[in-house]
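Engineer: Structure below; questions to follow.
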Amino acid sequence: MPQLAELEASWPALAHGDRVVHGDLRADNMVHDQARGVTFVDWAHATTGPACIDAASLAPQLILAGHTPADIARLLRDHPATASSPDTTTAFLAALTGHWHHNARKPAPPGAPGLRAYQHRAAGAGLALLIHRLS
């Protein structure tokens, strides 16, 4: 736990960059069209930041979809967007996992009955991924 807290605390100093990032990549923010491929939608959290953010934020979603944490850890290790900044990627994953873990313990907001259960699962996926990245 202390190592995860330290990683999470390091994130703000690493959060700077000049890439446009979606900031909330997951399956329900992607629309697949046979002719055009994948379109990313719901850009409410778009910002600028390091190139690794979108790949890193998608990684726990891939675990939730059934991929193994070990396979996703290897993907992040080798992907150009994340391989060039492993410390930033790991710090972001720690911060995102901490965010999900913290919010999963709050009462459900009106109109979003499944949100806290999702956040709990996402936090578990993020933690599983961090274990592989840190071992």
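Engineer: Ignoring any ligand, DNA or RNA, what whole percent of the accessible area of the range 22-135 comes from carbon and sulfur when the probe is 1.4 angstrom?
Structural biologist: Values: 3710 of 6240 Å².
Taking all protein chains in place, the range 22-135 shows 59 percent carbon and sulfur surface.
Engineer: Would you please put 111-119, 19-27, 126-134 in order of how densely packed they are, using the mean number of other Cβ atoms within 10 angstrom per residue and starting with the highest?
Structural biologist: Details: 111-119: 11.9, 19-27: 16.4, 126-134: 19.2.
So the order, starting with the most tightly packed, is 126-134, 19-27, 111-119.
Engineer: Follow-up. With r as the distance between the Cβ atoms of residue 40 and residue 75 and R0 = 22 Å, compute the FRET efficiency 1/(1 + (r/R0)^6) and round to 0.05. Spell out each step's value before the answer.
Structural biologist: On the way: r = 19 Å, r/R0 = 0.85.
Given R0 = 22 Å and the Cβ-Cβ separation, E is 0.75.
Engineer: Using only the Cα atoms of the range 48-113, what are the Rg and Dmax in Å?
Structural biologist: So, for the range 48-113, Rg and Dmax equal 13.6, 41 Å respectively.
Engineer: Residue 84 accessible area, nearest 10 Å², 1.4 Å probe?
Structural biologist: Result for residue 84: roughly 100 Å² accessible.
Engineer: Can you compute the FRET efficiency between residue 115 and residue 13 using 1/(1 + (r/R0)^6), with r the Cβ-Cβ distance and R0 = 41 Å? Round to the nearest 0.05. All intermediate terms of the calculation are to be shown ahead of the outcome.
Structural biologist: Working: r = 30 Å, r/R0 = 0.72.
Step by step, r from the Cβ atoms, then E = 0.90.
Engineer: Let me ask something else. With every protein chain present, what is the per residue accessible area of the chain (1.4 Å probe, Å²)? Intermediate results must be reported in sequence, preceding the final value.
Structural biologist: Values: 7940 Å² over 135 residues.
Using a 1.4 Å probe on heavy atoms only, each residue of the chain averages 59 Å².
Engineer: A further question on this structure: Counting residues in the chain as N, plug N into 2.2 N^0.38 Å and put the Cα Rg over that result. Before the final figure, lay out the partial values.
Structural biologist: Values: Rg = 14.8 Å, N = 135, 2.2 N^0.38 = 14.2 Å.
It is 1.04.
Engineer: Relative contact order for the chain using alpha-carbon pairs under 8 Å, separation at least 6, rounded to a whole percent? Please list the in-between numbers first.
Structural biologist: Values: 178 pairs, mean separation 35.3, N = 135.
Answer for the chain is 26 percent.
Engineer: In whole percent, what relative contact order does the range 18-77 give with Cα contacts below 8 Å and a gap of six or more residues? Before the final figure, lay out each step's value.
Structural biologist: Values: 68 pairs, mean separation 22.8, N = 60.
The value is 38 percent.
Engineer: Would you list the membrane-span-like helices of the chain, meaning whole DSSP H runs whose alpha-carbon atoms span at least 24 Å along their axis and whose mean Kyte-Doolittle value is at least -0.5? Don't jump to the answer; show the numbers that get you there.
Structural biologist: On the way: long enough: 86-104 (27 Å, -0.25); 115-134 (28 Å, 0.35).
Helices meeting the criterion: 86-104, 115-134.
The values are calculated or read from the model by the stated rules, or taken from the named source; none is laboratory data. All figures in this text were calculated on a predicted structure; none of them were measured in a lab. Heads up, the Cβs are rebuilt from the backbone with ideal geometry, glycines too, and the neighbour counts pull from every protein chain shown. We work out accessible area using only protein heavy atoms, side chains counted, and drop any ligands, DNA or RNA first. Shrake-Rupley method; radii C 1.70, N 1.55, O 1.52, S 1.80 Å.
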